Amino acid sequence: MVDTKNRPFGKMLTAMVTPMLEDGELDYDGAARLASYLVDEQHNDGLIISGTTGESPTTSDDEKDRLLRAVVEAVGDRAQVVAGVGTNDTRHSVRLAKAAEAAGAHGLLAVTPYYNKPPQEGLIRHFSEIADTTELPVMLYDIPHRTGTPIASETLVRLAEHPRIVANKDAKDNVGASSWVMERTDLAYYCGTDILNLPLLSVGAAGFVSVVGHIVGSDLKDMIDAFEAGEVGQALAIHRRLTPVYTGMFRTQGVITTKAVLNLFGLPSGPVRTPLADASSELQALLREDLAAAGVKGPIGLAPHQAVPASAVRVERLTEGSV
């Protein structure tokens, strides 16, 4: 069972999308409203800002800074706000880390450098330099199917010796390797692959950094609570009920599907930036079916950007006999 005290960022976090206006500019007011909804209605303990789900590859440093400040102002007094600062350039990541600390972030998320495929010693130097830059705790992000480079288990053990490297967002999808590292370090593991949320809990994960937490974050937190209370059957029932959401939301790139669902729900979202492409009408129809199969409903059908305050929007579970 996970040490419940070793949760530097809480148990349930969502990697938040970055709302945009129809002209492609960032919707900072919308970001504040969405953050409030995720914390107050979906019961997230924390939010990742400017991660990949936040379209960090296509937002400028200035946009990232203003976005982070908007979210910190909106929810920083009641949730952990973690700034994505990972790039494939250590000096750039260091600049982002310093800016995030100045903006009031509570922690940093640093993804493995992508495309340039550094050796493991390079990863140690990269992550250590980021961690040395500020006084903020750091969550690593291990997602080799995107970056091309895994953080080796032995490297994670070495990185865990740094006093400010305290957590790992694990999207390696290797429960055995994750278990091996958890046995040998105090790293708090956060599952970064939604379909594996419950399996990773079973070997000691601290919680989740979720994409589907945008719409079922409260359910995911209930699953963690049930598992920790020894109600494994209840946790499994939640996992199985949410399977259509897990699979449906990753029919294509997760930003695309998440923004599509949030738009359908009338929540701040907007379009994606190229090279991504907005969900087709066919994909939107499939997503409606996925949500219905999981018993999730909301004010579906509202036009994108319709002025609906986040506090007035609730995603509810379908009751028997409802349509």
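Can you tell me how many residues within the range 239-262 are open to solvent by less than 50 Å² (accessible area, probe 1.4 Å), out of contact with any Leu (no Cβ under 8 Å at 6 or more places or on another chain) and not hydroxyl-bearing (Ser, Thr, Tyr)?
Of the residues in that region, 2 qualify.
Quick one: would you say Gly24 is in contact with a Gly (Cβ under 9 Å, 6 or more places away or on another chain), farther than 29 Å from Pro144 by Cβ and assigned to a helix (DSSP H, G or I)? Walk me through how you get there before you give the answer.
Numbers: in contact with a Gly (Cβ under 9 Å, 6 or more places away or on another chain): yes; farther than 29 Å from Pro144 by Cβ: yes; assigned to a helix (DSSP H, G or I): no.
For Gly24, the condition - in contact with a Gly (Cβ under 9 Å, 6 or more places away or on another chain), farther than 29 Å from Pro144 by Cβ and assigned to a helix (DSSP H, G or I) - is not met.
For the range 29-71, give me each residue that is open to solvent by 30 Å² or more (accessible area, probe 1.4 Å) and within 13 Å of the chain's Cα centre (by Cα).
Within the range 29-71, Asp45, Thr52 meet the criteria.
Restricting attention to the range 4-28, which residues are of a type outside the set (Phe, Trp, Tyr), surrounded by fewer than 24 Cβ atoms within 10 Å (Cβ to Cβ) and without any contact (Cβ under 8 Å) to a residue 60 or more places away in the chain?
Lys5, Asp23, Glu25, Leu26
Got a number for residues in the range 117-142 being open to solvent by 10 Å² or more (accessible area, probe 1.4 Å) and among the hydrophobic types (A, V, I, L, M, F, W, C)?
Looking only at that region, the number is 2.
Please pick out the residue among Leu201, Leu236, Leu267, Leu242 that is closer than 29 Å to Val85 by Cβ, more than 14 Å from the chain's Cα centre (by Cα), part of a helix (DSSP H, G or I) and of a type in the set (A, V, I, L, M, F, W, C). Walk me through how you get there before you give the answer.
On the way: Leu236 fails: closer than 29 Å to Val85 by Cβ; Leu267 fails: part of a helix (DSSP H, G or I); Leu242 fails: closer than 29 Å to Val85 by Cβ.
That would be Leu201, the only listed residue that is closer than 29 Å to Val85 by Cβ, more than 14 Å from the chain's Cα centre (by Cα), part of a helix (DSSP H, G or I) and of a type in the set (A, V, I, L, M, F, W, C).
Results for (1) buried (at least 24 other Cβ atoms within 10 Å of the Cβ); (2) over 19 Å from Ala110 (Cβ atoms); (3) of a type in the set (Val, Ile, Thr), shown as yes or no for each residue.
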site: Leu201; (1), (2), (3): yes, yes, no
site: Gly207; (1), (2), (3): yes, no, no
site: Gly213; (1), (2), (3): yes, yes, no
site: Val216; (1), (2), (3): yes, yes, yes
site: Asp222; (1), (2), (3): no, yes, no
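Of everything in the range 98-116 that's more than 18 Å from the chain's Cα centre (by Cα) and under 21 Å from Asp62 (Cβ atoms), which residue is least open to solvent (accessible area, probe 1.4 Å)?
Ala103
For Trp180, all conditions in the list (1) under 23 Å from Leu201 (Cβ atoms); (2) part of a loop (DSSP other than H, G, I, E, B) hold save one; what is the number of the exception?
Failing condition for Trp180: (2).
The values are calculated or read from the model by the stated rules, or taken from the named source; none is laboratory data. Small disclaimer: the values here were computed from a predicted structure and weren't measured. Here Cβ is always computed from backbone atoms with ideal geometry, including for glycine, and neighbour counts include all displayed protein chains. Calculation scope for accessible area: heavy atoms of the full protein, side chains included, ligands and nucleic acids excluded. Shrake-Rupley method; radii C 1.70, N 1.55, O 1.52, S 1.80 Å.
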